[in-house]
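Reading through the structure tokens given below for one structure.
Laboratory data are not the source of any read-out in this text; all were calculated from the coordinates shown. Note that the structure is a prediction, hence the values are computed from the model and not measured. FYI the Cβ positions are ideal-geometry reconstructions off the backbone, even for glycines, and counts take in every protein chain you see.
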Amino acid sequence: MKNKQFPPGSFGIPVLGETLPFVVDPDFITKRYERYGSIFKSHILGRPTVVMVGPEAAEIVLSSHIDHFSWREGWPNNFKVLLGESLFLMDGEEHRLKRRLIMPAMHGPALANYLNTMENITLNYLKKWEEQQEFTWFQEFKKLTFSIASELLLGTQTDAESDRLSKLFTTLTNGLFAINPLTLPFTQFGKAIAARNQILEHLTQVVKERQKNPTKDALSLLIQARDEEGNSLSEKELIAQAVLLLFAGHETTTTMLTWLCLELALHPEVMQRARDEQQQFVGNSALTLEQLGQMPYLEQILLEIERLHPSVGGGFRGVIKEFEFQGFSVPAGWQLIYAIPETHRISEIYPQPERFDPDRFSSQRQEQKQRPFSLIGFGGGPRICVGIAFAKMEMKIIAAHLLRSYKWEILPNQSLDNVRIPTIHPKDGLRVRFQPL
Ligand code: HEM
């Protein structure tokens, strides 16, 4: 047998490995990528780990060698405890069957039915922000996107109910990367578990109600969904999938919207072009699907936000079958992380990668098309984000209304530095002064 060579890198200090720098240093992966290249080893969250960067690496993980990797064996234990037996942590045939039951609630005719609700909730928030005048956008987008998610996914009717759930989800999310997962009530992880229990209690009630009286929300569609053999999701599965969809469905969208508003404020020429594009619709009443398809420049801007400010830092996997990449061998049992922001900053694909330049995605340039898996803000391959169409439609509706009718300026004395965990966001959340045009 030929000698196997592990990837370069360091396992760090005993026991802790490199967990601490991984969690606190936003440049942890960049520094090692510059030193070692597209594959390097480390020791993170108690396990030997291989980190992979770049489109070739992403293609292996997300597509060509997907059966070498397990999601359940990959995501840290906190995720398993807090997100339960949901799609996110399933593998193989079980995953394929459940994903097929969930997909119709997030695409096609179901998605088209969500447009009006997304727009109406957005318009209510715009009025509220107009009165408030000054606020922190990260917090406000979180409320807005959670209202949209809880109304469309669960059929939540009241603001009070949505606010309560939103706060519980924030506590749950904060526990995902808590380093000391003790379940004592005062630890971050203990608080997250308590929040999860309250969420489960609430969802158990909602599922029972929707089973009796189905409405138009995604949960009601999931209750009625059947596979080819007539199997449906059990009550326990419905609750687990609903927790996942609510969790995955708002924090990510919130961070992308926050960066969108920051970049637009920093680039008045981009803002003006995007406003000009909206002029064709002014005077029209409610947005239509057809109109949403006529905003190519806004689409370019959103792709550039996905590239430069992806919400998710990367994906975790467990290596279940040994594999090789660039001559290095990675054994079964290791943890794997594929890196998203660093893949989006490879200068051979995206020249001057730190520059915000929506024209990278113009029909003439299409920089992302040079190499598959160069733009992976929503993952890729057969397990690409289930909510991609939902999130893109929601962001477009919100952005279109902001561009048509409002202006905003960034307030002084705040930090706009990147914080990477749990989702990548500007440190102080982007405080702005907001006015009608
Ligand atoms: C801007 C918004 C969003 C971003 C950036 C985003 C990002 C991602 C990424 C990167 C993955 C793949 C993770 C991996 O490969 O390990 C993923 C998967 C997933 N996302 Fe999203 N997401 C967004 C919105 C949503 C929404 C709105 C929903 C649902 C309502 C959702 C539900 C899911 C689910 C269920 C999965 C797991 C899919 C599977 O394993 O088959 N996401 N998302």
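So what is the relative contact order for the chain, in percent, with contacts set as C-alpha pairs under 8 Å and at least six apart? Once divided by the residue count of the chain, the mean separation gives 24 percent. Give me the Debye-computed log₁₀ of I(q)/I(0) at q = 0.15, 0.31 Å⁻¹ for region 310-360, equal point scatterers on Cα only, no solvent, two decimals. Those come out to -0.59, -1.14, one per q. This model, with +1 at the C-beta of Lys and Arg and -1 at the C-beta of Asp and Glu, gives region 41-82 a dipole about its Cα centre of some 280 debye. With viscosity 1.306 mPa s and temperature 10 °C, the Kirkwood radius over alpha carbon pairs of region 313-437 converts through Stokes-Einstein to a diffusion coefficient of 88 µm²/s. Considering only V243, T158, F6, the residue lying farthest towards the positive end of the dipole of the chain is F6, judged by Cα position with unit charges set on Cβ. Classify region 68-191 as rounded, prolate or oblate from the Cα gyration tensor: take a ≥ b ≥ c as the square roots of its eigenvalues, call it rounded if a/c is under 1.5, otherwise prolate when a/b beats b/c and oblate if not. Oblate shape, in that a/c is at least 1.5 and b/c is the bigger or equal ratio. Here the 3J(HN,Hα) profile of region 232-237, calculated from phi with Karplus coefficients 6.51, -1.76 and 1.60 at θ = phi - 60°, is 10, 7, 6, 4, 5, 5 Hz, Gly and Pro shown as x. The HN-Hα couplings worked out from phi for region 336-347 by the Karplus form 6.51 cos²θ - 1.76 cosθ + 1.60 (θ = phi - 60°) are 10, 10, 9, 9, 8, x, 5, 5, 7, 10, 7, 6 Hz, whole numbers, x standing for Gly and Pro. Using Cβ point charges alone (K and R +1, D and E -1), the dipole size of region 19-436 about the Cα centre works out to roughly 500 debye.
Mind grabbing the base-10 log of I(q)/I(0) for region 1-118 at q = 0.15, 0.23 Å⁻¹? Debye formula, identical points on the C-alpha positions, no solvent, two decimal places. Values returned for q = 0.15, 0.23 Å⁻¹ are -0.91, -1.33. Amide hydrogen proximity for T49: with H placed 1.01 Å from N in the peptide plane, the residues at 5 or more positions away or on another chain lying under 5 Å are S42, H43, I44, Q335.
Here the Kirkwood formula, the inverse mean of 1/r across different C-alpha pairs, assigns the chain a hydrodynamic radius of 22.8 Å. Taking 0.36 nm per residue of separation and subtracting the current Cα-Cα distance, fully stretching the chain between Q364 and S347 would add 4.3 nm.
Return the FRET efficiency for the residue pair K236, Q198: r is the Cβ-Cβ distance, R0 is 22 Å, and the value is rounded to the nearest 0.05.
Details: r = 17 Å, r/R0 = 0.78.
For K236 and Q198, the calculated efficiency is 0.80.
Taking the inverse of the mean 1/r over every pair of distinct Cα atoms in region 104-259 gives a Kirkwood hydrodynamic radius of 16.7 Å.
With N as its number of residues, region 181-274 has a Cα radius of gyration that, divided by 2.2 N^0.38 Å, comes to 1.57. Ordering G380, I193, P436 by Cα displacement along the dipole of region 19-436 toward the positive end leaves I193 in first place; charges were set at the Cβ atoms of Lys, Arg (+1) and Asp, Glu (-1). Within a straight-line Cα-Cα reach of under 19 Å, K4 can be paired with the following aspartates and glutamates, leaving aside sequence neighbours fewer than 8 residues apart in one chain: E322, E324. Averaging the Cα positions of each part gives two centres, and for region 246-308 and region 314-335 these lie 37 Å apart.
Close amide-amide hydrogen proximity is noted between G9 and K41, each under 5 Å apart and 5 or more residues distant or on a separate chain (H modeled in the peptide plane; Pro and chain starts excluded). Taken along the Cα-to-beta-carbon direction at a fixed 7 Å, the label points for R100 and A332 span 2.7 nm. In whole angstrom, note down how far apart the Cα centers of region 125-143 and region 378-437 are. If you average the Cα positions of each part, the centres end up 12 Å apart.
Put in line by how crowded their Cβ is, counting other Cβ atoms within 10 Å and starting with the fewest, H425, H95, H43 read H95, H43, H425. Here's how it looks for G314: its modeled amide H is under 5 Å from those of I340, which are all 5 or more places away or on a different chain.
Computed on region 48-113, the Cα convex hull volume stands at 134 Å³ per residue.
Within the straight-line cut-off of under 25 Å between alpha carbons, the lysines reachable from K208 are K80, K98, K167, K216, K236, sequence neighbours fewer than 8 places apart in one chain being disregarded.
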